[in-house]
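Notes follow the structure.
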Amino acid sequence: MTLVLGGARSGKSRYAEGLIEALPGPWLYVATAQAWDDEMRARIDAHRARRPPPWETVDAPRDLPAMIGRAPAGRPVLVDCLTLWLTNAMLDDDADLAAEVEALVGSCRAAAGPLVLVSNEVGFGIVPENALARRFRDEAGRLHQCLAAIADRVVLVVAGLPMTLKGDT
């Protein structure tokens, strides 16, 4: 399992795609984004256009642990991105966030093939001015710590340059 972190437009998604494409296909792309507006729809379309066959894309804006668990044995899986999944969970009034994070960590541990997780590192900025944004930043940091602890490799991408924080390069 590889956790790829980076800021907005850091190159983390392209880097993660390259990791998966270095493995035999077909590859499974698990998308967590939801198209709430035209701008987000255009972003999603651009990402999909970048991934022709043998990529298969499935949407999992909320039930990410189950989707990881259903991936065929040995099939390389890319999840992009965890912070969108976290946002979706936080905005669901019925969500038990701690239980969902625990389920995600468990599904990552039990993954039946190579798994690359992409997430936004949001802890480098200023302290947000509102409570929801501060909670999001804190929850993302905790999620990243949990996943980094079980990951074989952790990479931080800055300006398109990958820096290995844990594991082999």
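Against the condition within 27 Å of Pro72 (Cβ to Cβ) and either in contact (Cβ under 8 Å) with a residue 24 or more places away in the chain or touching a Ser or Thr at 6+ places or on another chain (Cβ under 8 Å) (or both), how does Val122 come out, does it pass? Answer is no for this residue. The strands (runs of 3 or more DSSP E) located wholly in the range 1-65 that include 3 or more residues which are touching a Lys or Arg at 6+ places or on another chain (Cβ under 6 Å) occupy 2-6. Take the conditions (1) loosely packed, with under 13 Cβ neighbours inside 10 Å; (2) in contact with a helix residue (DSSP H, G or I) (Cβ under 7 Å, 6 or more places away or on another chain); (3) closer than 18 Å to Ala31 by Cβ; Pro61 misses just one of them, which is (1). When Gly11 is tested against (1) open to solvent by less than 10 Å² (accessible area, probe 1.4 Å); (2) on the phi > 0 side of the Ramachandran plot, just one condition goes unmet, and that condition is (1).
For Leu132, the requirement of being open to solvent by 60 Å² or more (accessible area, probe 1.4 Å), in a strand (DSSP E or B), of a type in the set (A, V, I, L, M) and over 24 Å from Arg75 (Cα atoms) is not met.
What number of residues within the range 14-41 satisfy the criterion of being open to solvent by 60 Å² or more (accessible area, probe 1.4 Å), hydrophobic (A, V, I, L, M, F, W, C) and under 28 Å from Asp92 (Cα atoms)? Result for the range 14-41: 1.
The values are calculated or read from the model by the stated rules, or taken from the named source; none is laboratory data. The structure displayed is predicted, hence computed values, not measured ones. Virtual Cβ from ideal backbone geometry, glycine too; neighbours counted across all protein chains shown. Just the protein is used for accessible areas: all its heavy atoms, side chains included, with ligands, DNA and RNA removed. Shrake-Rupley method; radii C 1.70, N 1.55, O 1.52, S 1.80 Å.
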